[in-house]
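Have a look at the structure below before the remarks.
The values are calculated or read from the model by the stated rules, or taken from the named source; none is laboratory data. Note that the structure is a prediction, hence the values are computed from the model and not measured. Positions of Cβ are generated from backbone atoms using ideal geometry, with glycine treated the same way; all protein chains shown enter the neighbour counts.
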Amino acid sequence: MAIISLLSLQDAGTLSGSEIIPVNQNGTTKRTAVSAIGGRGINSQTQGDQAIVLAGCNNKALSSFGVVVQGEGNYVGSHIHNTILNGKNNTNLSIGYSTIIGGCGNLIAGCNACTQHSTILNGSGNSLSGGCNTLLGGKNSKIDTGGSCNNAILVGDSATISSPLGCNNNIILGGSGTICDSSNAVIGSPTASSICKSQNSFLGSGAFTFILSSGCSFIGSAPLSRITSGSNNSIVGGTNNCILSGSRGAILGGQCNCLKGNDSFIIGSGINGFADGTTFINKLSATSSIHAGDGFTGTVTISSTAGDKSMVITDGIITGIS
């Protein structure tokens with residue numbers, strides 16, 4: 001049998017992992033697949049400086065210092081220092097230093113030079129772009145913020161953070177909420193609810209709840225409620241409440257209330273409050289004095305559908321109603 005020097009052989013092309021090579025095991029020459037040497041995996045490909053695939057099948061690491069560990073059908077594309085750890089059919093096209101851990105069908109896109117330092121942890125069908133963004137679990141959620149950064153979705157279900165103009169420092173804690181064209185916004189765990197063009201706003205929970213074009217605004221737990229303009233407005237609770245315009249207004253609870261005006265408030269249900277600097281209520285009861293005005297003394301007539309009432313005020317204190 002002829003002896004052939006290894007140095008006289010041609011360089012091999014890209015290895016699939018299924019090629020058979022001889023090995024010496026305990027003094028006996030045996031054969032094994034290339035995939036068993038260094039854990040390259042079956043039918044896997046590498047390209048680029050220090051790119052590596054460790055185990056799994058049909059995986060590709062085609063970037064410098066790209067790494068795929070285990071899994072099936074995972075792909076690390078161009079650019080540098082990107083990683084996929086396990087999972088199936090995940091794709092990492094980040095400009096650099098981004099990681100997908102587990103899950104199925106997740107994508108980190110490489111749309112621009114800012115798409116770096118991002119992470120997807122498990123989940124399925126999730127995708128993100130932009131820099132320093134994070135998706136943790138859930139399904140079919142998306143962060144699409146171009147050059148913006150520091151956004152996160154935690155266990156969302158078709159949740160979205162997006163803006164062609166840029167949005168930073170937003171977070172969705174669960175559910176199917178949407179944040180668009182806003183920064184420093186937080187959504188808790190609602191259903192089909194959104195914050196849009198409203199900086200520094202918070203939406204807690206409840207279905208079909210919206211904050212639109214109203215910065216520094218707040219909705220707690222109020223299904224079917226909305227704030228549609230102004231700033232520094234709040235709906236604390238209740239259901240089917242709305243603030244249509246004005247700033248620094250609030251609806252504390254109740255249902256089917258509607259507020260327009262600056263520095264006004266609604267306490268109750270079924271109230272349309274359309275004035276500035278006014279508190280609207282259904283009924284008022286007090287166990288002590290009620291003050292009206294600053295030192296005013298006189299009689300005030302209150303008109304209602306139930307008839308006129310006279311309110312007696314002495315030195316700013318309501319002393320009687322007849």
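The table for this structure:
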quantity: Test: residue in the range 192-208 that is assigned to a loop (DSSP other than H, G, I, E, B) and within 19 Å of T134 (Cβ to Cβ); calculated: no
quantity: The range 198-219 - residue that is of a type in the set (G, A, S), under 17 Å from the mean Cα position of the chain (by Cα) and more than 19 Å from S163 (Cα to Cα) and, of those, surrounded by the most Cβ atoms within 10 Å (Cβ to Cβ); calculated: G206
quantity: Residue, modelled with the lowest pLDDT, within the range 257-296, restricted to residues that are at positive phi and assigned by TED's automatic domain parsing to the domain that holds I321; calculated: G293
quantity: Residue list for the range 297-322, restricted to those being in a loop (DSSP other than H, G, I, E, B), surrounded by 11 or more Cβ atoms within 10 Å (Cβ to Cβ) and either of a type in the set (V, I, T) or at pLDDT below 70 (or both); calculated: T297, G316
quantity: Residue list for the range 97-133, restricted to those being modelled with pLDDT of 90 or more and in a strand (DSSP E or B); calculated: T99, I100, I101, C104, L107, I108, T119, I120, L121, S124, S127, L128
quantity: Enumeration of residues in the range 157-190 that are in contact with an Asp or Glu (Cβ under 6 Å, 6 or more places away or on another chain) and within 19 Å of N106 (Cα to Cα); calculated: S162, S176
quantity: A222 surrounded by fewer than 19 Cβ atoms within 10 Å (Cβ to Cβ) and of a type outside the set (D, E, K, R); calculated: no
quantity: Selection within the range 155-170 - assigned to a strand (DSSP E or B) and surrounded by 18 or more Cβ atoms within 10 Å (Cβ to Cβ); calculated: G156, T160, I161, S162
quantity: Verdict on S129 being crowded, with 21+ Cβ neighbours inside 10 Å, touching a Ser or Thr at 6+ places or on another chain (Cβ under 6 Å) and closer than 30 Å to G253 by Cβ; calculated: no
